[in-house]
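A.B. asks: My questions will all concern the structure given below.
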Amino acid sequence: MARSTSKNSATYGDQQVRRGAGGETHQVAEEGYDVLTTQQGMPVSDDQNTLKQGARGPSLIEDAHFREKIFHFDHERIPERVVHARGYGAHGFFETYEPLTDLTRADLFQRAGEKTPVFVRFSTVAGNKGSFDLARDVRGFAVKFYTQEGNWDLVGNNIPVFFIQDAIKFPDVVHSVKDEPDRAFPQAASAHDNFWDFISLTPESMHMIMWVMSDRAIPRSFRFMQGFGVHTFRLVNAKGKASFVKFIWKPKLGMQSVVWNEAVKINGADPDFHRRDLWNAIQMGDFPEWELCLQSFDQKFADSFDFDVLDPTKLIPEEILPARPVGRLVLDRMPENFFAETEQVAFMTQNIVPGIDFSNDPLLQGRNFSYLDTQLKRLGGPNFTHLPINAPKCPFNHFQQDGHMAFHNPRGRANYEPNSWGTEIGGPRETEAGFRSIEEEPEGNKQRIRPESFADHYSQARQFYLSQTLVEQRHIGEALVFELSKVETPAIRERLVSHLINIDADLAQTVADGLGLRALPKAATPMVEPRDDLPTSDALSILKNAPGTFKGRKLGVLITDGVDASLIDALKQAVDAEGAVMELVAPTVGGVEASDGTLIAAHHKIDGGPSVVFDAVAILAGEEGALGLLKLPPARDFVADAYAHYKFVAFTEPAEKLFAKAGLPEDLDDGFFPLGNASDVKAFIAACRDLRFWDRADGA
Ligand code: HDE
């Protein structure tokens, strides 16, 4: 950096710098810089030193600038969300494919091609704001549509069912999964006694447990996961006809998850793995997209099931009721400021618009009551809708006024209605076209009761488990064994296995064996006999719906001195053509010298670019360079992990020495691709479209 000095002034780059008496740097506002001021707008001459009595004397309380600066800093944090504290958001739009006038009068669904601005926040549930991204957990998938008739918040998850059937149990399930109150650990992990104690005493959670123990709970990225509204909602058309509806988001790039051992390592290597992924994709212009799909149905169809469509622990398989795509969501812009937007965004299930309505799902009803409280607590007053991220983008007029931080108050004299002040100053009026709740006859007596139609807790858990591929079933078994092995109380482990017997006998046995139980416990007594004849649903499996593309994924290439530069070029071209990304990893971030003498800079030093952060890897080593890799433990981990995580691996011949050192078998399987020259690249990249070489798992 250019630097000129005299005793009291200097220039760094284009910055004017003044030196203080102690040598400290004062950056002076010249040449187009704004003047630094206090919040009151007073220009500041010295932002480096507090006001003192004498050079070494005590600080003075009349230093209002210092007081204001520190006071504000001390108040920078707002309470984090009680759940879903860790999250990441982005702006975008929703584009309607075709008018849905037969189903709903919701304004955003009336015109083909209509684009509605949206803000989406993805999150984990259990961990605090600073926890890692790859916890085994449900992911929040909350969408705020800024429609022309008000904000509609679809506050969903990446799993279509939930742990509990009634909102009154929410504090219990959340307390149980969070860090235990006496010891304040574990953080962002369900693998502990309290969680499994509660779960094993709550059979209604069994369906959800199958999902959170599955690969759905360790997504590779927000971009590769589905989203669900979970509850049954209603759509209402202009004639007032209501239908039930379930909302599903499907990622255009297909679904993908990591394996558990990988998740554990990613959390160490890059705790921000998911947010970095979204940030990078959007910055690169590779905008993630989802389709919104509807499962709409009427009461007669609802009555055709044994289960209740108001029960949020149940789903309707897509094979029985296809999900109709009605529009696409595109995320194309990151917030300018994380706090202002992602942290302060206030999602509320009660934010619906004319044409959409609630069902009587008792979980949804409780949520509608709860979310307002949480916003008041977090955002500090009733005017959180005045924050730009929460304000509607359509006209809004009402007589609500005052309160903390009020930006919009009624103009003029009228702050009530009815009034007789006329159109000029009388303020807004009701409209016939406004929101109306659908009319419903109340039924039954006032009572605290769980309906009998909510009593089957195992049939759909079994259906989900049996719908998975063998690899996915194995992951569920392994996850249960891992989690329950962290449970210190044997009775809790056994109690959980007693439920698994009602789901699938083999799964129960696998978990019992994995835990070292001497004998299977007695099966838990079900409220109603579980059904074992529900047809499997391929739509529930990730692997059965493999996208068949490497698009949006990432290849990590470990290079050494002596690498053949033309191979790197060939890989890069093939990866670009695939719509994927390639990053180079080397013993130093400065890079390597290729065989033709060119210098190639790396994206990562080997320690910071482990194979777990890539979807597939290549090891392009020269003869000498390969010998150097043998001495580097992270290089050995790079290949050992890629192998253990079923990744496709391309390599130049000298890299085989590294494979041997890393303990890979001598006979490499078909997931390995020798790269002799550029023409070998094609087959490797084509194989990567399968994302993982699962045959290796079968052979394991
Ligand atoms: Fe939430 N939930 N929740 N929840 N939830 C919150 O609201 C609550 C439930 C979900 O990115 C809180 O603003 C209750 C189901 C998401 O900002 C809080 C019940 C589903 C987000 C709250 C539920 C969700 C939240 C915490 C049971 C999936 C993050 C901070 C009756 C369909 C939104 C906040 C964001 C956040 C309460 C159950 C999804 C405390 C009482 C079921 C995605 O209000």
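A.B. asks: Under a cut-off of 20 Å between alpha-carbon atoms, report the lysines in cross-link reach of residue 554, not counting same-chain residues fewer than 8 places apart.
C.D. replies: Within the straight-line cut-off, residue 554 pairs with 252, 265, 572, 605, 647, 682.
A.B. asks: Which one of 475, 491, 502 has its Cα pushed farthest toward the positive end of the charge dipole of the stretch 456-543, where Lys and Arg give +1 and Asp and Glu give -1 at the Cβ?
C.D. replies: Checked the options; the winner is 491.
A.B. asks: Here's another thing I want to ask about it. Round to a whole angstrom and tell me the spacing of the C-alpha centers of the stretch 584-603 and the stretch 331-355.
C.D. replies: The stretch 584-603 and the stretch 331-355 have Cα centres spaced 42 Å from each other.
A.B. asks: For the stretch 548-698, what is the charge dipole size about the Cα centre, in debye to the nearest 20, if Lys and Arg each add +1 at the Cβ and Asp and Glu each add -1 at the Cβ?
C.D. replies: Its charge dipole is roughly 480 debye.
A.B. asks: Could you work out, for the stretch 456-543, what percent of all Cα-Cα pairs fall into each 10 Å distance bin, beginning at 0 Å and stopping at the bin that holds the largest distance?
C.D. replies: Spelled out per bin, shortest first, that is 18, 47, 31, 4.
A.B. asks: At what distance in nm do the modelled label points of residue 406 and residue 683 sit from each other, each positioned 7 Å from its Cα along Cα→Cβ?
C.D. replies: Label at residue 406, label at residue 683, 7.5 nm between them.
A.B. asks: Working out 0.36 nm times the residue gap between residue 653 and residue 148, then minus their Cα-Cα distance, what length gain in nm do you get to one decimal?
C.D. replies: Additional length available on full extension: 175.7 nm.
A.B. asks: Also: Note the full-extension length gain between residue 78 and residue 551 as 0.36 nm times their separation in residues minus their Cα-Cα distance, in nm to one decimal.
C.D. replies: Stretched out fully, the residue 78 to residue 551 stretch lengthens by 166.4 nm.
A.B. asks: If we sort 642-654, 674-686 on the protection proxy, mean other Cβ atoms within 10 Å, highest first, what's the order?
C.D. replies: The packing order, highest mean first, is 642-654, 674-686.
A.B. asks: Sort 340-349, 360-369, 222-231, 50-59 by packing, meaning the average of other beta carbons within 10 Å per residue, with the highest value first.
C.D. replies: Packing proxy ranking, top to bottom: 222-231, 340-349, 360-369, 50-59.
A.B. asks: So how far, in whole Å, is the C-alpha centre of the stretch 643-673 from the one of the stretch 40-109?
C.D. replies: Value for the Cα centre distance between the two parts: 49 Å.
A.B. asks: A further question on this structure: Order 567-576, 195-204 from most to least packed using the mean count of other Cβ atoms within 10 Å.
C.D. replies: 195-204, 567-576
A.B. asks: For the chain, with only Lys/Arg (+1) and Asp/Glu (-1) charged at the beta-carbon, what is the dipole magnitude about the Cα centre, in debye rounded to 20?
C.D. replies: For the chain, the charge dipole is close to 1320 debye.
A.B. asks: A further question on this structure: Rounded, prolate or oblate: which fits the stretch 191-237 when a ≥ b ≥ c are the square roots of the eigenvalues of the alpha-carbon gyration tensor, with rounded for a/c under 1.5 and prolate only if a/b beats b/c?
C.D. replies: Because a/c hits 1.5 or more and a/b fails to exceed b/c, the stretch 191-237 counts as oblate.
A.B. asks: Can you compute the modelled spin-label distance between residue 509 and residue 599, with each label point 7 Å from Cα toward Cβ, in nm?
C.D. replies: Taking the simple label geometry, residue 509 and residue 599 are separated by 6.4 nm.
A.B. asks: Between the stretch 361-378 and the stretch 503-522, what's the alpha-carbon centroid distance in Å?
C.D. replies: 39
A.B. asks: Report the paramagnetic label zone for residue 185: residues of the stretch 266-292 whose backbone N is under 16 Å from a point 7 Å from Cα along the Cα-to-Cβ axis.
C.D. replies: Only 268 pass the distance filter.
A.B. asks: Can you list the HN-Hα couplings for the stretch 18-35, worked out from phi with the Karplus curve (6.51, -1.76, 1.60; θ = phi - 60°), rounded to whole Hz and with x for Gly and Pro?
C.D. replies: In residue order, the calculated couplings are 10, 9, x, 4, x, x, 6, 8, 10, 8, 9, 6, 9, 6, x, 6, 6, 7 Hz.
A.B. asks: From the square roots a ≥ b ≥ c of the eigenvalues of the alpha-carbon gyration tensor of the chain, which class results: rounded (a/c under 1.5), prolate (a/b over b/c), or oblate?
C.D. replies: The shape class here is oblate.
A.B. asks: Separate question: Shape verdict for the stretch 74-386, please, from the Cα gyration tensor: rounded (a/c under 1.5), prolate (a/b greater than b/c) or oblate.
C.D. replies: In terms of gyration-tensor shape, rounded.
A.B. asks: Would you order 124, 385 from fewest to most other beta-carbon atoms within 10 Å of each residue's own beta-carbon?
C.D. replies: 385, 124
A.B. asks: From the residues 632, 678, 550, which one has its Cα farthest along the dipole of the stretch 548-698 in the positive direction, the dipole being from +1 and -1 charges on Cβ of Lys/Arg and Asp/Glu about the Cα centre?
C.D. replies: Farthest towards the positive end: 550.
Taken together, the values in this text are just the output of simple stated rules run on the coordinates, not laboratory data. None of these values were measured; they are calculated from a predicted model. Cβ atoms come from the backbone with ideal geometry, glycine included; neighbour counts cover every protein chain shown.
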